[in-house]
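Colleague: My questions will all concern the structure given below.
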Amino acid sequence: MLQEKGYIGTPRNRVDGRAKVTGEAKYAAEFDAPDLAYGIVVSSAIAKGRIASIDADAALAVPGVLQVFTHENRPRTAWFDINFRDETAPPGSPFRPLYDDKVVYSGQPVALVVAESFEIAAYAASLVRIAYEPETHMTDLDIQRDEAYVPPRKRTGVKRPPSPRGDPDGAFEQAPVKVHGEYRVAIEHHNPMETHASTVVYEEDGTLTIHDKTQGSQNSQSYVSSVFGLSSDQVRVISPFVGGAFGSGLRPQYQLFLAVMAALELKRSVRVVLTRDQMFTFGYRPLTIQTISLGANPDGKLVSIMHDAIQTTSPWEDYQEVVVNWSNLLYHCDNVKLTYRLSQVDTYTPIDMRAPGAALGVTAIETAMDELAYAAGIDPVELRLRNYAEMDEADKKYFTSKELRACYQLGAERFGWARRNPEPRSMREGRELIGWGMASGVWEAIMQRVAARAALTPDDRLEVASATADIGTGTYTILTQIAAETLGLPMESVTTKIGDSSLPKSPVEGGSWTAASAGSAVQKACLSVREQLFKYARRMDDSPLANASIEQVTFAGGRIHMTNDPSAGVTLQQAMQAGGVDRVEAEEKSSMGLLKNMRYSGYSHSAIFAEVRVDEELGVVRVTRIVNAVAAGTILNPKTARSQILGGVVFGIGMALEEESMLDHNLGRFMNHNLAEYHVPVNADVYDIDVIFVSEHEERLNPLGVKGLGEIGVIGTAAAIGNAIYHATGKRIRDYPITIDKLLG
Amino acid sequence: MNRFSYLRATSIDEAMREAAADPTARFIAGGTNLIDLMKYNVERPTRLIDITRLPLNGIEETESGGLRLGALVTNDETAFDSRIQDRYPLLASAIQAGASPQLRNAATTGGNLLQRTRCYYFYDPETPCNKREPGTGCPAAFGRNRIHAILGTSDHCIATHPSDMAVAMAALQAIVHVRGPGGERAIPIADFHRLPGEHPEIDNTMLHGEIITSVELPPDGFSRNYTYLKLRDRLSYAFALVSVAAALRMENGTIAQARLALGGVAHKPWRDPAAEAMLQGQPATEDRFRAVADHILKDARGYQDNAFKIDLARRAIVTALSQAASGTPQSQIDKRIQ
């Protein structure tokens, strides 16, 4: 038993905070190497066609230019698609940079100019002249939606919609209360602060040490090895710090391929950093058109849920995410039809972006539920309670835990929801209409198999290590807390190492699974170390613990002592001495809890309440108050946890009001590809955000009871804001972001 | 970015001489726009003439009772100068509505006037653009044009001028003083920026080799009844979809004099003297303000994404005139519309 509750569940500062604010923490583009060369990517001007010719003479003539790589002179790489498939790849044929003369999307990398300095490379890149033979492209989902199809091959880890149940069409037809609408969320790009970068260090023995911006050092490592035919011990990928990613670092991006290619060819170290506009030239949150029909009885009880989604994907991969399943996960209904299709457009393949699928699907269903609340004349919270799903009806499983009712209750209390007059346009202060809206959030609590190592040395230093990542989420801190608590050491005695492909095996960091999975692995490894230490301690001559069982002792302050008599104990050093060892080490894997998973579904939940103030005349929206009540099992560190939810809510404000990657369909190109014109919330857009962690007892998913918090904060936030805007103005906008123009008139 | 040579000019004459000798030379001061454009290969000067050491600083009284802003006075120096705040609060307000503190610390008076459009296509050298490469076409007119102009556009260009400062200066009828090989000129700000017409590549009426030395603010700062109202796609740090600088002189409840300039809607800060005349001697009523707005926008033309700007501008004009008339200018800190 863990009797010491010193660290887990307490607010702790980030252990890497000092390194980050002092600049000591290095990011992929900041690592130096002797003789480093610099690569600049040349991006295609057209969306589809072929490259008729590339004139690199002028670029090559610039002193200091080492090479201009194009499809014409690139080295051979692996032949089969499988070699290019990373662990998160959707079904299909992955994009291969500089593969041939075909252009398949606008912004595609078509050349890499490598030079002795960044400036020379940038200048020379501007001199590369490319002649294209354009072909007709298509980027407009409104046209392509007629070509939508059910993806023939399922993406690993992404559930398909369940089969229809009951008679949803008939029940909708007969329903006394109905809502029906089409919902859209604009394309978003992740836009982490750190742009994608790879610094490939070409070591003297020809091996590669790669500093890559990635959410999975081992994913990048295996990609590089398999694409370039290297053995795994020839490639090491290091990414100790990641300046945000939001999913954009799940797949190895093209700068990694290009930097490695150049390093191997030139036999020297190469760095490639993407520009901000090039951050719009790979994955994005797909444009999604959703159609929802809800039928209900006059008491608001749902008799029919129909939710359809059509999403964009690229012509070469069937990207998929879970968009529609959430409707029935949140609400009980006997007649359900959930459908999901893809449609190809000439863009890069979309890539998971914070709460992939749920951020879209829940936005739509939670907007539709608000409409239903008005159609039935029932309070939106009450409507949700009346339709509360007691079990995962699609899979016929119970929830491992579900405190969504408490989220509604505590969130509503904190917000003051009871004082709400449901009538739209009923609250006003001066020029501003005030609106209160709410929505629910749901996200899967996923466990992955992660390995971790713990090693204790006689100086009472504990090192824990796993190849997982910290993309700003607080992984370093929570792993340190778990390790310190398990072995009864101060957090300062623990060193956590992550973000290195040479460390114990871990999948990419994403899906909100890292705290639960890596945390469990670290805990397990530390428990193994505990057991070994206890074994040694018992063996000591005249050991005060000789007759104790491990349940009877406490690890605290660098000692093992009898729980009922702290004076009876030994130090960890004494135990190691007794064992004749100068290192106690263990490696363990998190358990998937498979048996339990067959009977249970694990989800985190939330209830979001939003206040908006809308200038009636000018349509200016201010989100003045958000309360987000989250039930996600054990909260390891309320401080970093709160920060995760705050970030998620701000992400949601962006989705609700601002973020939109604008495609010019004539050119097949995203046009607002910079942070001046792609708007994310700034400080002035963010007022009060109140985060509540609802107490939730969770014991089935993992011993820590952790569900994860990376995504849940964004889910539902946009709908809550949209619903508040309806309450304020009486205008129902089903097309996010809700910009000023949609509120005029 | 291309290669360029760099010269730190030690005198105005030297700067002018060096610029005149090289048609692709550019002056650089704060560099907040030029450096960006060079990184994007939109501007490709072969020579940069650094003018930051020239004696073009300081805010001085003029003989006529106005103020003269040196071309190198930074935007924040202007906005936080007590004389500007007291006598030209409209200008201070407009500057604070724009950019960020970091940018305003670096950006200068002259550079702000000369900043170039934020049109997506202008910024992307892989697309056609008549302003960047004359004769290649204007994809914005048929593409994404949420941020584009509704007034004074041409078939060749629908870009806007992005400055906030210049909009206030237009309302204040500032005078831009330039010096060049042909001597000194004083250009009323209304004549400084130009409409795109057939030559959208030319933003203003300065001649090559000329340098802005100062901007003169006439004595009347309309410090009692003014506002700068800026509407944008987030509450701060975004260019205007529509902005309105309104300056009124009120006498016994009627409008004795009115100035109105719009930003975000045209290739230059937009003034309409006939509309302003409609306010003269009139009581400050919403009906009258609406009539003025209708007059200003009677020839406005919307495109695919930006037709809403016509309605937004109409509403913004009415609100701004109301704010100015009632002496309750828009705060640039509190984002609530006053």
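The values are calculated or read from the model by the stated rules, or taken from the named source; none is laboratory data. A quick note: this is a predicted structure, and the numbers were derived from the prediction, not measured. Note that each Cβ is placed from the backbone with ideal geometry, even for glycine, and that neighbours are counted across all protein chains shown. Side chains included, ligands, DNA and RNA excluded: accessible areas come from the protein's heavy atoms. Shrake-Rupley method; radii C 1.70, N 1.55, O 1.52, S 1.80 Å.
Colleague: Put simply, what bits of region A:713-745 lose 20 Å² or more of accessible area when the other protein chains are there, versus the chain on its own (1.4 Å probe)?
Modeller: When all protein chains are present, A:739, A:740, A:741, A:744, A:745 each give up 20 Å² or more of accessible surface.
Colleague: For region A:627-745, take every pair of Cα atoms, bin their distances at 5 Å starting from 0, and report each bin as a whole percent.
Modeller: 2, 10, 17, 18, 16, 13, 10, 8, 4, 2, 1, 0
Colleague: Could you look at region A:392-434 and say what percent of its accessible area is carbon and sulfur, using a 1.4 Å probe and all protein chains?
Modeller: Answer for region A:392-434 is 47 percent, counting heavy atoms of protein chains only.
Colleague: So, one more: Can you tell me, using C-alpha contacts under 8 Å and at least 6 residues apart, the relative contact order of region A:488-634 as a whole percent?
Modeller: Over region A:488-634, the number comes to 20 percent.
Colleague: Summing both sides, how much accessible area is buried between B and A? Use a 1.4 Å probe and give Å² to the nearest 100.
Modeller: 3600 Å²
Colleague: Expressed in whole Å with the largest first, what are the equivalent ellipsoid semi-axes of chain B derived from the C-alpha gyration tensor as the square root of 5 times each eigenvalue?
Modeller: Values for chain B, descending: 31, 25, 17 Å.
Colleague: List the residues of region B:210-243 for which accessible area in the full set of protein chains is at least 20 Å² lower than for the chain on its own; 1.4 Å probe, protein heavy atoms only.
Modeller: B:231, B:233, B:234, B:235, B:236, B:239
Colleague: Average partner chain C-beta neighbours within 10 Å, per residue of A:427-435?
Modeller: Counting Cβ atoms of other protein chains within 10 Å of each residue's Cβ and averaging gives 1.
Colleague: Under a 1.4 Å probe, what is the accessible area of the protein assembly as shown per residue, stated in Å²?
Modeller: Here the per-residue accessible area is 36 Å².
Colleague: Which lysines have a Cα less than 21 Å from the Cα of residue A:524, not counting those fewer than 8 places away in the same chain?
Modeller: List returned: A:5, A:497, A:505, A:535, A:589, A:596, A:707.
Colleague: Another question, then. Take the alpha-carbon centre of region A:123-155, take the same for region A:485-518, and report the distance between them in whole Å.
Modeller: 40 Å
Colleague: Let me know the whole percent of all Cα-Cα pairs from region B:1-53 that are separated by more than 15 Å.
Modeller: Of the Cα pairs, 41 percent sit more than 15 Å apart.
Colleague: Give the dimensionless ratio obtained when the Cα radius of gyration of region A:477-571 is divided by 2.2 N^0.38 Å.
Modeller: 1.26
Colleague: Next question, about the same structure. Ignoring any ligand, DNA or RNA, what whole percent of the accessible area of region B:1-53 comes from carbon and sulfur when the probe is 1.4 angstrom?
Modeller: Carbon and sulfur together cover 51 percent of it.
Colleague: Rounding to the nearest 20 debye, state how big the charge dipole of region B:225-325 is about its Cα centre with +1 on each Lys and Arg Cβ and -1 on each Asp and Glu Cβ.
Modeller: The dipole magnitude comes to about 240 debye.
Colleague: Of the accessible area of region A:546-646, with the probe set at 1.4 angstrom, what percent is carbon plus sulfur?
Modeller: Answer for region A:546-646: carbon and sulfur cover 48 percent of the accessible area.
Colleague: What do you get for Rg/Rh of region A:11-65 when both radii come from the Cα atoms and Rh is the Kirkwood radius?
Modeller: For region A:11-65, the value is 1.25.
Colleague: As I understand it, the value is the acute angle between the Cα axis of helix B:308-325 and the longest principal axis of the Cα atoms of chain B; what does it come to in degrees, rounded to 10?
Modeller: 70 degrees
Colleague: Going by average Cβ neighbours within 10 Å, how do the peptides B:50-63, A:506-519, B:169-182 rank, with the highest at the top?
Modeller: Sorting B:50-63, A:506-519, B:169-182 by mean packing, highest first, produces A:506-519, B:169-182, B:50-63.
Colleague: Report the calculated FRET efficiency for residue B:21 and residue B:305 (r = Cβ-Cβ distance, R0 = 45 Å), to the nearest 0.05.
Modeller: 0.55
Colleague: While we're here: Whole-Hz Karplus ³J(HN,Hα) for region A:29-35, in order, using 6.51 cos²θ - 1.76 cosθ + 1.60 and θ = phi - 60°, x for Gly and Pro?
Modeller: Ordered by residue, 3J(HN,Hα) equals 8, 9, 6, 9, 8, x, 6 Hz.
Colleague: If you don't mind, another one. Provide the per-residue ³J(HN,Hα) series for region B:163-180, in order, calculated from phi with Karplus coefficients 6.51, -1.76, 1.60 and θ = phi - 60°, each as a whole number of Hz, with x at glycine and proline positions.
Modeller: Per-residue couplings from phi come out as 6, 8, 3, 5, 5, 5, 4, 5, 5, 7, 6, 5, 10, 8, 9, 10, 10, x Hz.
Colleague: Quick one: work out the % antiparallel among DSSP beta bridges in the protein assembly as shown, nearest 5.
Modeller: Percentage antiparallel, nearest 5: 80.
Colleague: If the only charges are +1 at each Lys and Arg Cβ and -1 at each Asp and Glu Cβ, what is the size of the charge dipole of chain A around the Cα centre, to the nearest 20 debye?
Modeller: The dipole of chain A has a size of about 1320 debye.
Colleague: Considering the options B:302, B:278, B:264, tell which one lies farthest towards the positive end of the dipole of region B:225-325, charges being +1 on Lys and Arg and -1 on Asp and Glu at the Cβ, about the Cα centre.
Modeller: Looking along the dipole axis, the top candidate is B:264.
Colleague: Relative contact order (percent) for chain A, with alpha-carbon contacts under 8 angstrom and 6 or more residues of separation?
Modeller: 17 percent
Colleague: Quick one: which residues, 5+ away or cross-chain, put their amide H under 5 Å from the amide H of residue A:66? H built at 1.01 Å from N.
Modeller: For residue A:66, the qualifying residues are A:114, A:115, A:116.
Colleague: Going by Cα centres, region B:219-245 and region B:47-75 are how many Å apart?
Modeller: Here the answer is 23 Å between Cα centres.
Colleague: What net charge is computed for the residues neighbouring residue A:721, neighbours being all others with C-beta under 12 Å from the C-beta of residue A:721, Lys and Arg scored +1, Asp and Glu -1?
Modeller: Charge balance near residue A:721 sits at -2.
Colleague: Hey, another quick one. Can you tally the lysine pairs in chain B where the Cα-Cα distance is under 27 Å and the two residues are eight or more apart, or on different chains?
Modeller: Summing the qualifying lysine pairs gives 15.
Colleague: Also, quick follow-up: For region A:686-745 and region A:82-99, write down the distance between their C-alpha centroids in whole Å.
Modeller: 34 Å
Colleague: With the solvent-accessible surface defined on protein heavy atoms using a 1.4 Å probe, which residues belonging to region B:276-316 display a reduction of at least 40 Å² in accessible area in the multichain context relative to the isolated chain?
Modeller: The answer is B:308, B:312, B:315.
Colleague: Relative contact order for chain B: what percent, with Cα pairs under 8 Å and sequence separation of 6 or more?
Modeller: Once divided by the residue count of chain B, the mean separation gives 17 percent.
Colleague: Averaged over A:615-626, how many beta carbons belonging to a partner chain fall within 10 Å of each residue's beta carbon?
Modeller: Mean partner-chain Cβ count within 10 Å for A:615-626: 4.
Colleague: What is the mean number of Cβ atoms from other protein chains located within 10 Å of the Cβ atom of each residue in peptide A:475-484, rounded to a whole number?
Modeller: 0
Colleague: Sort B:307-318, A:357-368, A:229-240, A:578-589 for me by packing, meaning the mean count of neighbouring Cβ atoms within 10 Å per residue, highest on top.
Modeller: The packing order, highest mean first, is A:357-368, B:307-318, A:229-240, A:578-589.
Colleague: Rounded to the nearest 500 deg cm²/dmol, what is the calculated helix-only ellipticity per residue at 222 nm for the protein assembly as shown, with -39500 (n - 2.57) per DSSP H run of length n ≥ 4?
Modeller: That comes out to -7500 deg cm²/dmol.
Colleague: Let a ≥ b ≥ c be the square roots of the eigenvalues of the Cα gyration tensor of chain A; is it rounded (a/c under 1.5), or, if not, prolate (a/b larger than b/c) or oblate?
Modeller: In terms of gyration-tensor shape, oblate.
Colleague: Near the amide H of residue A:237, under 5 Å away, which other amide H atoms are found, from residues 5 or more places off or on another chain, if H is placed in the peptide plane?
Modeller: A:210, A:501, A:502
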